[in-house]
4 protein chains.
Amino acid sequence: MKTEQQQLRLIASCPDRVGILARVATFIAGMGGNITEANQYEDVRSRNFFMRYGFVLPGPESALDAFKKDFETVAREFEMDWRVRNVAYRQRVVLLVSKFDHCLAYLLHRWKVGDLKIDIPCVISNHDTLRELVEWYGIPYHYVPVPKGPDAKQAAFEKTADLIDAAEPDTIVLARYMQIFPPWLCEKYRYRVINIHHSFLPSFIGAKPYHQAEERGVKLIGATCHYVTEDLDQGPIIEQDVARIRHSDTIEDMMRLGKDVENTVLARGLRYHLEDRVIVHGNKTILFNR
Amino acid sequence: MKTEQQQLRLIASCPDRVGILARVATFIAGMGGNITEANQYEDVRSRNFFMRYGFVLPGPESALDAFKKDFETVAREFEMDWRVRNVAYRQRVVLLVSKFDHCLAYLLHRWKVGDLKIDIPCVISNHDTLRELVEWYGIPYHYVPVPKGPDAKQAAFEKTADLIDAAEPDTIVLARYMQIFPPWLCEKYRYRVINIHHSFLPSFIGAKPYHQAEERGVKLIGATCHYVTEDLDQGPIIEQDVARIRHSDTIEDMMRLGKDVENTVLARGLRYHLEDRVIVHGNKTILFNR
Amino acid sequence: MKTEQQQLRLIASCPDRVGILARVATFIAGMGGNITEANQYEDVRSRNFFMRYGFVLPGPESALDAFKKDFETVAREFEMDWRVRNVAYRQRVVLLVSKFDHCLAYLLHRWKVGDLKIDIPCVISNHDTLRELVEWYGIPYHYVPVPKGPDAKQAAFEKTADLIDAAEPDTIVLARYMQIFPPWLCEKYRYRVINIHHSFLPSFIGAKPYHQAEERGVKLIGATCHYVTEDLDQGPIIEQDVARIRHSDTIEDMMRLGKDVENTVLARGLRYHLEDRVIVHGNKTILFNR
Amino acid sequence: MKTEQQQLRLIASCPDRVGILARVATFIAGMGGNITEANQYEDVRSRNFFMRYGFVLPGPESALDAFKKDFETVAREFEMDWRVRNVAYRQRVVLLVSKFDHCLAYLLHRWKVGDLKIDIPCVISNHDTLRELVEWYGIPYHYVPVPKGPDAKQAAFEKTADLIDAAEPDTIVLARYMQIFPPWLCEKYRYRVINIHHSFLPSFIGAKPYHQAEERGVKLIGATCHYVTEDLDQGPIIEQDVARIRHSDTIEDMMRLGKDVENTVLARGLRYHLEDRVIVHGNKTILFNR
């Protein structure tokens, strides 16, 4: 008979003090838990401490509830922001997209073959173009056009927010969604909305970054995966990468070459987020990616 | 008896027209020359044509003069900007540096072991710090402090320009020279002054780019080799590259990690320039690096 | 009225001699053609000359036939191996695959959105697993199991060859097809069969390269796109790339991370091949990828 | 008054068991220590546990001795292999080199500017070529030619070993030392001898890897930093990287381009080793490089 056990993950941050790790590790050991992964970081300037522990807890699923209840005492003692999650939990991820389908197609394929262990309750788009692709995967597709006027735009985003809410997502991915989220939507899903921007930020913020790159004559193009905030393309960066181009590459070539970079940067950034490897600190991220 | 021959390089640009290549190739063949390398690029928007041919011309060194004289006819016919150079010619390269010595040490070492086939008439610095290193290589070192006031600064740059002039350089390398060239100096040595900037331009223009990178929380740092123009860090880009950093890297770590990127980007950019692989077009470069 | 014209590509190799380029360029100019791209390479040791010219020829499609007929004289004079191709020609590419679908899914998606300008007459597989995916794209799927015994295997490859022949392909891509082509099949489609191998060759030839990589403890995994020859994984290499792994990555992690490298290496290699940028010379390739 | 404190590092491995981390963390906290870095890895197959903790211990330098004495109890309880080191300790590193000087010049420069916090008691070479460079840095240079015959070779390696012993090194770096260490020398300094091999191992083991790379027609060249063992170029790999080449690159070009890769791979590998980030496990390394 296989003993029941839960693979859990604890993420916490608090003001730095002597003995945090000992206290947490002893608590986990006291519950019979075996720590299998440990990451921590001390921000010397702000005197903040960040940690991420993976551990195996014996017992049934309800052991997680007991753990949470008891850990509250430790957390209060050290003034922690914390969360604990069952590794087996499949996050619900809503995808938003406009017309470019490469990021969407990449994520859907990786999801279908089991590389991406999430549930996708629906895809929302401001165009009706990609319905057939999405529905082939058996996923509901919602078409919510976003008109130009401020009132119509507001109504469209309210409808979008309703659809998102109904899907009860843990995470929202803007997989080349070419609309700017209004501040209230950013606020509502703070640090749960991931965007892929097709430039190496902070270069080429805003519209048409490949055109800007071509204009400036850079020798590498890039992509950036970041959390969406009220400041366009200025949110905390999760992941970035670049690809080499040459003088003879047209903007169309850049767009084609950029697709692979966008896909892998988004996939890596999303994976880091899903595995609770990203902690936002100020406008930067601590990334426990090892 | 080994037949005398010259390995030459022809670089030219002109308005696009049918038959340019045929005319030039036929001319070279008519002189007994054998083309061994050919690069060309047609800029579709501006209708400009750019070429770089490597060829072997039989005859003594003076054959180059004859070639130049006769080619003038072809050049005029096609309204060409052009130059031809003996590959064996060793460019004279003056190096300017402040206190950070990694780029300087890298170039001097590569020069000493014969990887960099140039002459270095002198090194000029606004500090006296690196004299011992430079003089160990047997190269004259000129210390020209650059004071703060506009008049003193002007005098310092005039002295710097005099020293550069006296060295009769083909190319000037700012190997981490932390002073901004005045416009008249930029003008004087147009597209002959190469700078290494320690960021992935256009991100983090100006002072302390690693501090800016740390502030923004980027996941990659970079370096850019470019021609110096009147607009700070805005000149035509020759080469760029990046290196991965992590949240725990301090500014000091970035500076240390950045050294390798700066060195290789500067070395590659300088090599492209020395081998006449770079043609400036507007504020961009055509880079025949293959 | 838009003048009719053809965008053509000439690929040729011959023993090195003075005046090849002049002769070819003059011939093209004589036909009214305008050369827009030129690549050439002289192999000093074998004294062979390789070239690839892109040019615009005025006139209707039949101008290509006239060009071919007349160029024969030049070709004979210089003992050239040569071919000329209309850039607008869409190659017919047959894909072979086993069970891993990432390369197939990648190529099909890029084909559907127009990034890959080819026709795909059919997909052939030794498993029936990927039928649904392929047929969603409207492409015929042939299931040809390859049994173990030599006779049955021979029969299976004969059937495979018949299906390939019927599809009249220019190029055959083994997109993770886990069967070894028999020598007669290699011979039949010499330098027209492209394979993607999931290691950085020559490391980890043969089966289960990720297992071999894990066993050796390498810090980077790779992928290699090459022409298939009688010697397993030893054919001329077209393209390679790598990705970083860490000690905690399992073989499953490597397989997942390797997918992106395999996809981009195969996509780049195939593109180079389709654009006639690859010339096989001995067991190596000359790659005019700029 | 600044309180005295030591920045220490504990590296340990043992059979996996519940509560290791809690026991160690509690022990450190009990000594008043504050853990600032934590890395750990559980090898699932061998059921081994590996850890690396950085922590600040209050008290004078002698506190380290007290720590070591008391920790012995914990170590015995968990059957640990372990060591603890003061981060301020400067390792003594002996460099061995033959004629190629790029790795040597790189390490010496980085050492002189303070990027590499080691002591270099001497450089040993089987050639007298690089004496001037080494002595400019004020470092003793020992010339020990290695003749061909087995007896003379044995004598040469005995003399080399004597010079190494006299220098009392923690670590020995073969910075392009083109002689094969005899098994008894490998045994004597087990996992303390670091070599840089100029290929992406396991490709191109042994002599002239760039020639082998050219022969095979690879599209990337590489370098590998590894521990020296009795099996030539087969020891545990610490770090690797690659650089792109093209068909027109000669072996000389590869050697020149390879220098930058060799330098950075050796520098990174050495740094990981010096910072106790590398733990050998079987013939692989666990690399706590984050």
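Looking at D:THR3, D:THR36, D:THR73, just one residue is among the β-branched types (Val, Ile, Thr), under 20 Å from A:VAL24 (Cα atoms) and free of Cβ contacts under 8 Å to residues at least 60 places away in the same chain, and that residue is D:THR36. Scanning the range B:128-154 for residues that are outside any loop (DSSP other than H, G, I, E, B) and hydroxyl-bearing (Ser, Thr, Tyr) gives B:TYR141, B:TYR143. The residue of the range C:228-242 that is farthest from C:LEU185 (Cα to Cα), among those that are in contact with a Ser or Thr (Cβ under 8 Å, 6 or more places away or on another chain) and assigned to a strand (DSSP E or B), is C:ASP241. Filtering the range C:269-290 to residues that are among the basic types (Lys, Arg) and either within 10 Å of chain D (Cβ to nearest Cβ) or more than 14 Å from C:GLN91 (Cβ to Cβ) (or both) leaves C:LYS284, C:ARG290.
The residues of the range C:192-210 that are surrounded by fewer than 22 Cβ atoms within 10 Å (Cβ to Cβ) and touching a Lys or Arg at 6+ places or on another chain (Cβ under 7 Å) amount to a single one, C:PRO202. Do we find that D:PHE204 is on the phi > 0 side of the Ramachandran plot and within 9 Å of chain C (Cβ to nearest Cβ) in this structure? When the stated conditions are applied, D:PHE204 passes them. If only residues of the range A:33-85 that are among the aromatic types (Phe, Trp, Tyr) and within 14 Å of chain D (Cβ to nearest Cβ) are counted, the one that is surrounded by the fewest Cβ atoms within 10 Å (Cβ to Cβ) is A:PHE78.
Contact map, the range A:107-136: first residue in contact (Cβ under 8 Å) with a residue 24 or more places away in the chain and over 18 Å from A:ALA156 (Cβ atoms), second residue charged (D, E, K, R) and assigned to a loop (DSSP other than H, G, I, E, B), Cβ cut-off under 7 Å, separation 6 or more or different chains; pairs are A:LYS117/A:ARG90; A:ILE118/A:ARG90; A:ASP119/A:ARG90; A:LEU133/A:ASP101. Among the criteria (1) among the hydrophobic types (A, V, I, L, M, F, W, C); (2) surrounded by fewer than 19 Cβ atoms within 10 Å (Cβ to Cβ); (3) within 14 Å of chain D (Cβ to nearest Cβ), the one C:TRP184 does not fulfil is (3). Restricting attention to the range B:232-260, the residues being more than 14 Å from B:PHE100 (Cα to Cα) and either within 12 Å of chain A (Cβ to nearest Cβ) or crowded, with 22+ Cβ neighbours inside 10 Å (or both) number 19.
Right, B:PHE157: assigned to a loop (DSSP other than H, G, I, E, B), in the same structural domain as B:ALA223 (by TED's automatic domain parsing) and in contact (Cβ under 8 Å) with a residue 24 or more places away in the chain or not? No: the conditions fail for B:PHE157.
Every test in (1) surrounded by 19 or more Cβ atoms within 10 Å (Cβ to Cβ); (2) aromatic (Phe, Trp, Tyr); (3) not in a loop (DSSP other than H, G, I, E, B) is passed by B:PHE100 save one, and that test is (3). Selection over the range D:112-127 of residues that are within 14 Å of chain B (Cβ to nearest Cβ), of a type in the set (A, V, I, L, M) and not in a loop (DSSP other than H, G, I, E, B) gives a count of 0.
Taking the range D:24-52 as the range and being among the β-branched types (Val, Ile, Thr) and either more than 27 Å from the chain's Cα centre (by Cα) or not assigned by TED's automatic domain parsing to the domain that holds D:CYS14 (or both) as the test, the residues that pass are D:THR26, D:ILE28.
Could you check the range A:184-225 and list, in sequence order, the residues that are more than 24 Å from the chain's Cα centre (by Cα), assigned to a loop (DSSP other than H, G, I, E, B) and of a type in the set (D, E, K, R)?
Within the range A:184-225, just A:LYS219 meets the criteria.
Tell me, which residue of the range C:1-30 that is in a loop (DSSP other than H, G, I, E, B), in contact with a strand residue (DSSP E or B) (Cβ under 9 Å, 6 or more places away or on another chain) and surrounded by fewer than 16 Cβ atoms within 10 Å (Cβ to Cβ) is farthest from the other protein chains (Cβ to nearest Cβ)?
Here is the first cut: in the range C:1-30, the ones in a loop (DSSP other than H, G, I, E, B) are C:1-4, C:16-19.
After this cut, where a residue has to be in contact with a strand residue (DSSP E or B) (Cβ under 9 Å, 6 or more places away or on another chain) as well, the list is C:3-4, C:16-19.
Of the ones still in play, those that are also surrounded by fewer than 16 Cβ atoms within 10 Å (Cβ to Cβ) are C:3-4, C:17.
Numbers: C:THR3: 13, C:GLU4: 16, C:ARG17: 8 Å.
By that ranking, first place goes to C:GLU4.
Among the residues of the range B:46-65, those identified as charged (D, E, K, R) and modelled with pLDDT of 90 or more are B:ARG47, B:ARG52, B:ASP65. The residue list A:ALA161, A:ALA155, A:ALA213, A:ALA166 contains one member that is exposed (fewer than 14 other Cβ atoms within 10 Å of the Cβ), at pLDDT 95 or above and among the small types (Gly, Ala, Ser), which is A:ALA166. Could you check the range C:220-231 and list, in sequence order, the residues that are crowded, with 24+ Cβ neighbours inside 10 Å and either within 28 Å of D:ARG45 (Cβ to Cβ) or touching a residue at least 60 places away in the same chain (Cβ under 8 Å) (or both)? Those that are crowded, with 24+ Cβ neighbours inside 10 Å and either within 28 Å of D:ARG45 (Cβ to Cβ) or touching a residue at least 60 places away in the same chain (Cβ under 8 Å) (or both): C:ILE221, C:GLY222, C:ALA223.
The values are calculated or read from the model by the stated rules, or taken from the named source; none is laboratory data. Everything quoted here is computed from the prediction, not taken from an experiment. Please note: Cβ atoms are built from the backbone with ideal geometry, for glycine as well, and neighbour counts cover all protein chains shown.
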